[in-house]
Every structure is written in structure tokens, then in C-alpha cells.
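Below: one structure, written as C-alpha cells.
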């Protein structure tokens, strides 16, 4: 699990003993995973119905179990789902929100970088109007 990320975007090393995590790399993996509508649908089903197998998801979504398995592998690589062994060699997938929080904090830091220049531009334009 990634360490905590401060509101400034800095990694809180005291929160975890793992080496520093590249926040931008985690955000990139999350955004890549979320770029696909099928993967977003899989995450939505897991969020609403709880842990599920690829077969369970195939019943709820209009794609094959094999296609779902490929999408789940990418979601797992991004850290957005974790695989848990279940009965009879089945694997249940569960949401993992930590990478999503890192991506949210990355976006918040990016937005803060834009807020001040945009506010200054707005003031400038308002004065000229």
C-alpha cells in the first residue's frame, strides 16, 4: 500500500517504512486504468456489489469472462483491485482505494498550481472590462 501523501503532494515518509513512492507514477497508472469505460464499469460494479469473481462480473457486464480477466489484471497492476483467494480455485476481486486517493491528491496539487494564476488572470480581465 502506498504511503500517505500530504496535501502538498509530498510523500509522508513517517506514515510508511517503504521507500518513497512516485506519486506521479501512481497517478498515471490510475488515470490509464480509468481511461477505459469497461474498467470503470468493473470498478462501479465492485463498488456497488462488493467483491466478485471474473465470472460474477461477466454475468453483470456485456463482455466475456476472459476480457474481464484482462481488465482486472490491469486494474490490479494499478493497485485499484486486489485478488483474494476464494473457494474452489476461484479468485475474488476487491476494490482498493489507496491509489485513487493518491491520484486525487495529485489532481488537487495540480489544481492548486493553477488556482493562483487563474485568479490573477480573472482579476486582470475584470479590471479591463
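Among residues of segment 105-122 that are modelled with pLDDT of 85 or more, those with a Cβ under 6 angstrom from a residue that is surrounded by 12 or more Cβ atoms within 10 Å (Cβ to Cβ) and assigned to a helix (DSSP H, G or I), sequence gap 6+ or separate chain, pair up as 106/23; 106/27. Taken over segment 76-92, the criterion of being closer than 23 Å to residue 22 by Cβ and loosely packed, with under 13 Cβ neighbours inside 10 Å is satisfied by 77 alone. Under 30 Å from residue 108 (Cα atoms) and surrounded by fewer than 16 Cβ atoms within 10 Å (Cβ to Cβ) - does that describe any residue in segment 52-68? No: zero hits.
Residues in segment 67-95 that are closer than 15 Å to residue 39 by Cβ and either modelled with pLDDT under 95 or part of a helix (DSSP H, G or I) (or both): 11 in all. The single condition from (1) surrounded by 14 or more Cβ atoms within 10 Å (Cβ to Cβ); (2) under 22 Å from residue 22 (Cβ atoms); (3) touching a helix residue (DSSP H, G or I) at 6+ places or on another chain (Cβ under 9 Å) that residue 72 fails is (2).
Between 103, 120, the distinction of being in a helix (DSSP H, G or I) and surrounded by 13 or more Cβ atoms within 10 Å (Cβ to Cβ) belongs to 103 only.
The values are calculated or read from the model by the stated rules, or taken from the named source; none is laboratory data. This is a predicted model, so every value here is computed, not measured. Note: ideal-geometry Cβ built from the backbone for every residue, glycine included; neighbour counts use all protein chains shown.
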